[in-house]
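First the structure, in the form of structure tokens, and then the observations on it.
Computed from the coordinates by the stated procedures, all read-outs in this text should not be read as laboratory data. Only a predicted model underlies this, so the values are computations on that prediction, with no experimental measurement involved. Counting neighbours? That spans all protein chains shown, and the Cβs are built from the backbone with ideal geometry, glycine included.
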Amino acid sequence: MAQLPPAEVIFVDDGSTDDTVAILKAIRAEGILPQLRILSHDRRLGKSAGLRTGIAAARGKWIATLDGDGQDNPFEFIRMLELAQQAPGRAPLVVGVRAKRQDRLSRRLATRFANGLRSRLLQDGCPDTGAPLKLFRREDFLRLPQFEGLHRFLPSLMGRHGVPLVCTPVGHRSRLHGQSKYTNLNRALVGIRDVLGVMWLNNRARIPDHITER
């Protein structure tokens with residue numbers, strides 16, 4: 001990531017108990033990644049809360065999100081930003097759709113089921129809405145309602161505010177660090193509950209396409 005174009009890099013520590021923060025501080029002190037900012041929660045709050053913390057603290061207008069497990073290549077952001085800047089009209093949400101996923105079969109099947117269910121019920125047009133590689137405008141994220149699981153529904157939630165969607169294939173690698181905190185059953189039960197909640201929210205939304213001052 002040190003070879004990426006100039007940008008701030010924000011790492012959110014969600015109440016971890018390992019040595020990740022100490023390692024990152026050492027990397028920053030050695031000058032390998034001097035633009036690194038490290039933010040820590042005092043307890044585990046979940047991925048969506050971590051995203052909110054990092055995005056609220058960010059200084060730039062464009063946000064690119066990435067998990068810390070090493071499965072995704074941050075260099076994909078260069079192409080994703082180009083796609084966003086070339087898009088006509090309003091700035092889009094760009095989702096990196098994982099091609100040839102390198103997860104175990106059970107997880108791939110569970111994710112395929114969850115993505116299919118979300119896509120069918122929410123009609124968001126995204127084949128991989130839970131993908132970690134996403135790029136969007138900071139202001140578009142901060143206007144969204146905040147809840148745990150938000151990160152799985154950005155195409156639908158941003159779409160209700162008129163943010164267009166751009167999907168592009170990205171590479172995917174075997175997991176390098178850590179273990180997933182989710183089981184397949186947990187993903188299924190929580191996912192169904194959250195889909196119903198987002199459906200309710202979208203049906204209740206009354207958001208004008210344009211506001212005219214007279």
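Some values worked out for this structure:
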| read-out | value |
| --- | --- |
| Cβ-based exposure ranking for Leu201, Leu196, in which fewest neighbours within 10 Å come first | Leu196, Leu201 |
| Karplus (6.51, -1.76, 1.60) ³J(HN,Hα), θ = phi - 60°, over segment 43-53, in Hz, Gly and Pro reported as x | 7, 6, 10, x, 5, 5, 5, x, 4, 4, 4 |
| Potential lengthening between Gln123 and Glu148 on full extension [0.36 nm per residue; Cα-Cα distance subtracted] | 6.9 nm |
| Among Phe113, Gly31, Gly89 the positive-end extreme of the charge dipole of segment 9-204 (Cβ point charges) | Phe113 |
| Debye, to nearest 20: dipole size of segment 9-204, +1 on Lys, Arg Cβ, -1 on Asp, Glu Cβ | 500 debye |
| Nearby aspartates and glutamates by direct alpha-carbon distance to Lys61 (threshold 12 angstrom, same-chain neighbours under 8 apart not counted) | Glu8, Glu139, Asp140 |
| Sorted by Cβ density within 10 Å, fewest first, the residues Phe75, Phe11 | Phe75, Phe11 |
| Exposure proxy order (Cβ contacts within 10 Å, fewest to most) of Phe141, Phe113 | Phe113, Phe141 |
